[in-house]
Amino acid sequence: MTADRRTQEGGSLPPAIELRKISKRFGNVQANQDIDLRVESGTIHGIVGENGAGKSTLMSILYGFYQADSGNILINGHTRKIKSSREAIEAGIGMVHQHFMLVDTFTVLENVMLGAEQSHLLKTSGAHARDALRHLADEYELKVPLDTLIGDLPVGQQQRTEILKALYRNADILILDEPTGVLTPQEADQLFRVLQVLKERGVTIILITHKLREIMDITDNVSVLRLGKIVSTQRTADTDMATLAELMVGRKLVTQSFDKVSNADADTGISVRNVTVTDERGLNRLNNISFDVRRGEIVGIAGVAGNGQSTLLELLSGIKSPSTGEFTINNHVVSTDAALDPARMRDIGVQHVPEDRLRLGLVKAFSAAESSLLGYHTKPAFNWRMFLKASTIREACKRLMVAFDVRPPDPKLKSASFSGGNQQKLILARELDKAPSVLLVGQPTRGVDIGAIELIHRKIVEMRDNGCAVLLVSVELDEIMALSDRILVMYEGQVVGSMHGSEADKTTLGLMMANALDQVA
Amino acid sequence: MNTSNVELPTWIEVVLIPLLNIFLALVFSGLIILAIGEDPIKAVGIMINGAFGYDEAIGYTLYYTTNFIFTGLAVAVAFHARLFNIGGEGQAYIGGLGVGLAFLLLDKHLPALLLIPIGILMAAVFGALWAFIPAWLQAYRGSHIVITTIMFNFIAASLMVYLLVNVLIMPGSMSPETREFDTAGWLPFMHELFAWFGVNITRTPLNMSFLLALVCCVLVWLYIWKTQWGYALRTAGHSEAAAVYAGINPKRIVIIAMCISGGLAGLVAVNEIMGVHHRLLLNFPAGYGFTGIAVALMGRNHPLGILVASLLFGVLYQGGTELAFEVPKITREMVVAIQGLIILFSGALALMLRPWTVRVWLGLTRQSAT
């Protein structure tokens, strides 16, 4: 196949993917407009852009989820119509989604085979797949234990399974959507080594990401999308992070740095003592955890997703109660016998910006005004005992929207219609507006564009300066390091390390997150 | 092409698509009527005339409509909390038991002014109690509400047979019914009501519970969209996680929503027992509880939609009966088949035409844009 391609056009390869004037609109929204993109064969091509810039739409068109309204797609020099993901696979395109499309209770082998069985008999298909995977593992240095259940594998290995799935289907073009969001820095490095090997073997890779550092580290070319258009495509070596960031946002960005404070003698807002939280399966989500957060201090919780940070937020916000141990929050003692529910927590001045804004933070089908009421519908300010004060609620929402620059500032618009960043700003506005004494923040900028990150960070620091005790959970190390006065690292439900914000460095934190500091030292 | 995320103007979603669905159902019904050698246009004419043509027809149509409003609202309230209440039938039945017990005890001793509110209250409370048990099992034991409410229909039916055959039957009677209640417990008929104002209309089963049904539509609308409890209910219905985050207890919502739902279904007994039969008897819910599911689906769980859908089903019931009577070749079963087609197209296949409508709409708007 490679030989065929080389013979065309006198030895030079046609681009692996060429998009010509691709346009797509949804109702009034022009998601993609006249997109021209050449992805050279055998390169790693980065695509960056803010949320809602049209990256996902573009890749969905390429992978057959949507049809473009106009324009052409050329794969290896030939025009192709891609009407479904099946046709995309036939054209040699493989996709590794941000959220893996794997069956947890199947083995790696079964997952790879699924939908691409060579025979009606599982035994024959299995033997074929096993053979093919052995070759792939040798060729691309992608080793995964074939007979282990997906659910038992770490995230990095699950991602490799996704890559193997694509390669098993003969993909020579690989699209990766935000691949490092769930990985430790070390796992991300491993992924990038794999991508390098794939590239050397002639695979073309499209990398969609928020993280400009990854673009600089690994890509050959980079395209920037803004408001549905390609604003720049260039060699990565010819550009730098600041330029890319400006292209993405469309204006100059001030690099923010926040002062770190040390309030060792301030009184504590949160004080956790030997708390264990056991889930219904009997696993300890939090394992004998103890720490303090002082007033006027931001404590950042670093860690790979799934090591108990979510449970910690649920515990402190009253969604879960401690199985053993107790904690004090804003001078209220909470234990198994004296639990506080989320409504009570709000009453005592504990506000919570949840990690999963679409599941917890708002209701997608509600209007923005209704979502801005979430958690406060029983407050006298918003109801006459029985009926809701509709106009008061709308006005309050409008005020929040203006204060936090939520766009468009229309309280009647459906919550789901706002971009991720604007949803997040609305939730943040709702919680910060209540002047919290203790603020719990989970993933404040996940899926949020660069422009909004500035504002969100500024508001969180403002809360600290007002004497609020802030607990920040994030999987973004950059964010933790930028904001936190103190950093705690969680691993398997325990605090395995702590550092002062001013002394933190990425390598040490990364090793702590993998609980591998001792082995190195 | 994936069209589910394309937004259409409200009038298309709420008016045009349901009308197209009904039209399609009528086309298929027409084909069936053609197949047995009758004239479908004439059949539709008989049906419409049978449902609206004269005041007696209108009375019967609205009498059926009343039952559909109650059961449709019942399904809708539960649905806003993401609960599928299949047990309207049983809840209506047990609601009747509530009325029956109260009236057997009290009808000789209390005036109508007290007896009627008590009867309405008992119908709602007994219906709610019958829904409370599956609700509790769902909330605290994880038993699926669909399964338990279906089962409770059977339990209700068996219980009523036992009670009416062995306990509540009028002594010396051959049929399993209670004695007739004292007239103090009778809900006035509409023809009686009109007669008080000097207007004479034909005697029909339509009674004052129709007004109660209209009041319930308004109350349900206020409750779901205008009160803080309705807000909590909808939050829990859309996302249990968001409800917990907001400090709303989803288990309590399950119980409250099901009790309100059961109470509304129980009100069918107000129409049937207090309004029409004036005694407790077997099988009076006659499938209204189940049809309520189709009514709610068709009415998009909104009281106004339910009112319209109930009227449509009232027309189908009354006009269908007339049709079976007038045209010998179209049997009662054929009418049920036509009703089934309407339920199929406007309930189960409600969104079948949507992708097509979206394409036409996008085509039209694109042309006007250029």
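The values are calculated or read from the model by the stated rules, or taken from the named source; none is laboratory data. No experiment lies behind these values; they were computed from the predicted model shown. Note that we place each Cβ from the backbone using ideal geometry, even for glycine, and neighbour counts take in every protein chain shown.
Numbers at a glance
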read-out	value
Criterion (among the small types (G, A, S) and either outside the structural domain of B:L214 (by TED's automatic domain parsing) or touching a strand residue (DSSP E or B) at 6+ places or on another chain (Cβ under 7 Å) (or both)) met by exactly one of B:G30, B:G72	B:G30
Enumeration of residues in segment B:307-337 that are among the small types (G, A, S) and within 14 Å of the chain's Cα centre (by Cα)	B:A309, B:S310, B:G314
Subset tally (residues that are surrounded by fewer than 18 Cβ atoms within 10 Å (Cβ to Cβ), assigned to a helix (DSSP H, G or I) and touching a helix residue (DSSP H, G or I) at 6+ places or on another chain (Cβ under 9 Å)) for segment A:400-414	1
Boolean, B:Y245 is closer than 30 Å to A:K389 by Cβ and either outside the structural domain of B:G314 (by TED's automatic domain parsing) or surrounded by 22 or more Cβ atoms within 10 Å (Cβ to Cβ) (or both)	yes
Close pairs from segment A:61-82: first more than 13 Å from chain B (Cβ to nearest Cβ) and in contact (Cβ under 8 Å) with a residue 60 or more places away in the chain, partner small (G, A, S) and part of a loop (DSSP other than H, G, I, E, B), Cβ under 8 Å, at least 6 apart	A:I75/A:A16; A:I75/A:A91; A:I75/A:G92; A:N76/A:A16; A:N76/A:S41; A:N76/A:G92
Subset of segment A:134-145 that is in contact (Cβ under 8 Å) with a residue 24 or more places away in the chain and touching a helix residue (DSSP H, G or I) at 6+ places or on another chain (Cβ under 6 Å) - its residue that is farthest from A:V182 (Cα to Cα)	A:L136
Unmet requirement for A:A137, which otherwise passes all of (1) of a type in the set (A, V, I, L, M, F, W, C); (2) at pLDDT below 90; (3) part of a helix (DSSP H, G or I); (4) crowded, with 18+ Cβ neighbours inside 10 Å	(4)
Segment A:379-399, residues that are within 12 Å of chain B (Cβ to nearest Cβ), surrounded by 18 or more Cβ atoms within 10 Å (Cβ to Cβ) and not aliphatic (A, V, I, L, M)	A:F382, A:N383
Residue list for segment A:346-357, filter: away from chain B (no Cβ under 11 Å) and out of contact with any strand residue (DSSP E or B) (no Cβ under 6 Å at 6 or more places or on another chain)	A:G349
Subset of segment A:33-51 that is buried (at least 21 other Cβ atoms within 10 Å of the Cβ) and within 26 Å of A:F418 (Cβ to Cβ) - its residue that is nearest to the other protein chains (Cβ to nearest Cβ)	A:I35
Failed criterion for A:L174 (all others in (1) at pLDDT 90 or above; (2) part of a helix (DSSP H, G or I) hold)	(2)
Selected residue (criterion: surrounded by the fewest Cβ atoms within 10 Å (Cβ to Cβ)) from residues of segment A:346-357 that are assigned to a helix (DSSP H, G or I) and touching a residue at least 40 places away in the same chain (Cβ under 8 Å)	A:R346
Selected residue (criterion: surrounded by the most Cβ atoms within 10 Å (Cβ to Cβ)) from residues of segment B:312-338 that are among the polar types (S, T, N, Q) and part of a helix (DSSP H, G or I)	B:Q318
Entirely in segment B:197-256, the helices (runs of 4 or more DSSP H) that have 3 or more residues that are more than 11 Å from chain A (Cβ to nearest Cβ) and within 21 Å of the chain's Cα centre (by Cα)	B:209-226
Failed item in (1) over 25 Å from A:V441 (Cβ atoms); (2) assigned to a loop (DSSP other than H, G, I, E, B), with A:T392 passing the rest	(2)
Top-ranked residue in segment A:155-187 [being aliphatic (A, V, I, L, M) and surrounded by fewer than 21 Cβ atoms within 10 Å (Cβ to Cβ); ranked as farthest from the chain's Cα centre (by Cα)]	A:V155
Counted residues, segment B:158-172 - those being surrounded by fewer than 11 Cβ atoms within 10 Å (Cβ to Cβ) and either in contact (Cβ under 8 Å) with a residue 24 or more places away in the chain or part of a loop (DSSP other than H, G, I, E, B) (or both)	2
Sole exception among (1) within 14 Å of chain B (Cβ to nearest Cβ); (2) at pLDDT below 90 for A:L13, by number	(1)
Criterion: loosely packed, with under 15 Cβ neighbours inside 10 Å and free of Cβ contacts under 8 Å to residues at least 12 places away in the same chain - qualifying residue of A:T124, A:T148	A:T124
Close pairs from segment B:313-340: first without any contact (Cβ under 8 Å) to a residue 40 or more places away in the chain, partner buried (at least 23 other Cβ atoms within 10 Å of the Cβ) and of a type in the set (S, T, N, Q), Cβ under 6 Å, at least 6 apart	none
Filter result for the condition that a residue is closer than 28 Å to A:L315 by Cα and either away from every other protein chain (no Cβ under 13 Å) or not in a helix (DSSP H, G or I) (or both), over A:L373, A:L360	A:L373
Checklist (1) in a helix (DSSP H, G or I); (2) in contact (Cβ under 8 Å) with a residue 24 or more places away in the chain; (3) facing chain B (nearest Cβ under 7 Å); (4) within 24 Å of the chain's Cα centre (by Cα) applied to A:A343, failing item	(4)
Residues satisfying the stated conditions in segment B:295-311, i.e. at pLDDT below 90, under 19 Å from B:G340 (Cβ atoms) and surrounded by fewer than 24 Cβ atoms within 10 Å (Cβ to Cβ)	B:L297
